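Data first, discussion second: the structure below is written as structure tokens.
The values are calculated or read from the model by the stated rules, or taken from the named source; none is laboratory data. Given the structure is predicted, the values throughout are model-derived calculations rather than measurements. All Cβ positions, even for glycine, are placed from backbone atoms using ideal geometry, and neighbour counts span all protein chains on display.
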Amino acid sequence: MSAGNNMFKWTTAMTATIAGKRAKDVFGLAVALAIPLVAGLAGSILTSQSVSEWYPALTKPSFTPPNWVFGPIWTALYALMGIALFLVWKNTRNIPRKTPAITKMTLRGYNIRKLALTAFTIQLALNILWSALFFGLRSPSLAFAEIVFLWAAIVANIVIFTKISRLAAFLLSPYIIWTSIALTLNLQIWILNR
């Protein structure tokens, strides 16, 4: 009877531990998804008026995607960014704050979690800034200069994420591809509308 009672306590404790970890993961995933989606919402607020008034009047290159494509693509990209962020957070949450310099989870002595989250934050801020420059200020020239930095920040983000989770880095690959298209489109719009 005592062995059975101990087994029941152990099973109950393990179930509670697993349920607690799953709840923490679900919450972490929800927060990680919300961060880029809120950033996307902020960017869309900056673009809404210009998308309907200014952008249609611009001369655009022949490879410009139809307007209806942008919303679903950006929503998917922001969701992939959130999943990638979650994977990085999950894979680094048990790393001590001061990690020794010679380990798999550091990059030249820096705390890889802090570095990864900083890189993610920088590229996300640059993403919002591009919307503000291109659509808010209606300045393809400033937006083009900025998107070059955004592209480099995404590449840096992918490189850093690769050190933690190859899947997280892979999930950012559609983002860099789409940003490459946006960079080319931005350049052509700037040239065609000088």
* To do: Please indicate, with yes or no, whether at least one residue in the range 181-192 is under 20 Å from Thr64 (Cβ atoms), surrounded by 19 or more Cβ atoms within 10 Å (Cβ to Cβ) and either polar (S, T, N, Q) or at pLDDT below 95 (or both).
  => yes
* Asked: Hey, does the range 99-112 have a residue that's buried (at least 21 other Cβ atoms within 10 Å of the Cβ) and either more than 12 Å from the chain's Cα centre (by Cα) or at pLDDT 95 or above (or both)?
  -> yes
* Asked: Can you name the condition, by its number, that Phe86 falls short on among (1) modelled with pLDDT of 85 or more; (2) within 26 Å of Asn193 (Cβ to Cβ)?
  -> (2)
* Asked: If you scan the range 166-194, which residues turn out to be of a type in the set (Gly, Ala, Ser) and under 14 Å from the mean Cα position of the chain (by Cα)?
  -> Ala168, Ala169, Ser173
* To do: Please state which one of Thr118, Thr59, Thr47, Thr64 is polar (S, T, N, Q), closer than 20 Å to Leu172 by Cα and modelled with pLDDT of 60 or more.
  => Thr118
* Asked: Ser52: at pLDDT 95 or above, over 22 Å from Ile122 (Cβ atoms) and among the polar types (S, T, N, Q), yes or no?
  -> no
